[in-house]
1. Let me have the relative contact order for segment 133-220, percent, based on Cα pairs under 8 Å that are six or more residues apart.
2. Can you tell which of A131, A173, A78 shows the greatest fluctuation in a Gaussian network model of the chain with Cα springs below 10 Å?
3. Under the definition of Cα pairs under 8 Å and six or more residues apart, what whole-number percent is the relative contact order of segment 1-86?
4. Would you work out which of N166, I149, T226 lies farthest towards the positive end of the dipole of segment 121-242, given +1 charges on the beta-carbon of Lys and Arg and -1 on that of Asp and Glu, about the Cα centre?
5. Normalised by the number of residues in segment 170-308, what is the relative contact order in percent for Cα pairs under 8 Å and 6+ residues apart?
6. Taking H placed 1.01 Å from N in the peptide plane, check which residues at least 5 places from V269 or on another chain put their amide H under 5 Å from its amide H.
7. Nearest-5 percent of antiparallel DSSP beta bridges in segment 117-244?
8. Sorted by average packing, counted as other Cβ atoms within 10 angstrom per residue and highest first, what order do 268-278, 160-170 take?
Amino acid sequence: MKKVLIDCDPGIDDALALALAAGSRDALDLVGVTTVGGNVDLPLTTANALALREFLDLGDVPVTPGSAGALLRHTVRADHVHGASGLGAVVLPAPVREPSEGHAVDFIVDALRAAPGEITLVAVGPLTNLALAVRREPRIVEWARDLVIMGGSYTRGNHNPAAEFNMLADPEAAAIVFGAGWTVTMIGLDVTLTAVVNAAVLDRMRPLGRLAELLVTGAQSYMAVTAEGGPAIHDACAVAYTLDPSLFTCVPAVVDVETAGLYTRGMTVVDFDLAGREPNALVATSLDVPGFWDLVIGAYERLAARLR
Ligand code: RIB
Ligand code: CA
């Protein structure tokens, strides 16, 4: 059983990533969910995480809120993509339980200190909480079993031609995380944009009862679904990596994050030519898309059987 801690900004694809984790209880021990301001403001990402914990039958997994905004400069949001609530047209039952006391940064540090070498951090939002955790306790780079992020790109951005949203939302935090001394597994747009919910995939989600309300409505809120295309469930790719890294090809690289460029702020500058330097990242360059959907739909089917 692999222990994972998911830092997120739900967010429709964050929700589908949490659903993948919830349907993979045989393989993943979700030790905690931490939230960050990102797609929408922190109160909403946290409320969405709390509602998802109960809707997805995640039991007593602690949900701990973290940073509301970026470390230094203007915060960008993606409510134009994820809707004002952060979950598009998805309406979940209001959560009964409250978030945990304390701050996400302390939760992350304390969890890693208590289980050195055991917990994989999965970050699928802006990296503000992780950057502050590194500054609070630099030894977490040794204590973490792995760090997998959904973010960046070695080709083009999505929020603008240069920058992927999670990196753009807090470039200084991303620079701190990539420079902290661990090896970041970067699941970027280059592969996540191939993880598309098209009509055939949506048809595999439709029979999943109550869970389909989240999956189908969420996907259709994210982007129009057609036979040829639809929304990419970016964040689920990071969780899929923890479940089956063989679905991905990852290449060692040196990754720097632009924090000053007028047009390139938030760009992940990925150099696959190490030229004798130690890599600070493993960058995903390919995804077995059919294998990804078999993994994801299989997890959703197991979860749906539990939720009925
Ligand atoms: O660029 C995709 C990323 O930005 C995903 O994490 C999505 O949830 C948004 O946060
Ligand atoms: Ca996200």
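1. Details: 79 pairs, mean separation 25.3, N = 88.
Computed over segment 133-220, the figure is 29 percent.
2. The residue with the greatest mean-square fluctuation here is A78.
3. Answer for segment 1-86 is 34 percent.
4. In segment 121-242, that residue is I149.
5. Details: 209 pairs, mean separation 48.3, N = 139.
The normalised contact order for segment 170-308 reaches 35 percent.
6. When sequence neighbours closer than 5 places are left aside, the close amide H contacts are D256, V257, E258.
7. Working: 1 of 9 bridges.
Antiparallel bridges make up about 10 percent of those DSSP assigns within segment 117-244.
8. Working: 268-278: 13.1, 160-170: 24.9.
Going from most to least packed, we get 160-170, 268-278.
Values quoted throughout were computed directly from the atomic coordinates according to the rules given, and no laboratory measurement underlies them. The shown structure was predicted, so the numbers you read here are calculated from the model rather than taken from an experiment. Methodologically, a virtual Cβ is constructed for each residue, glycine included, from the backbone with ideal geometry; neighbour enumeration extends over all protein chains shown.
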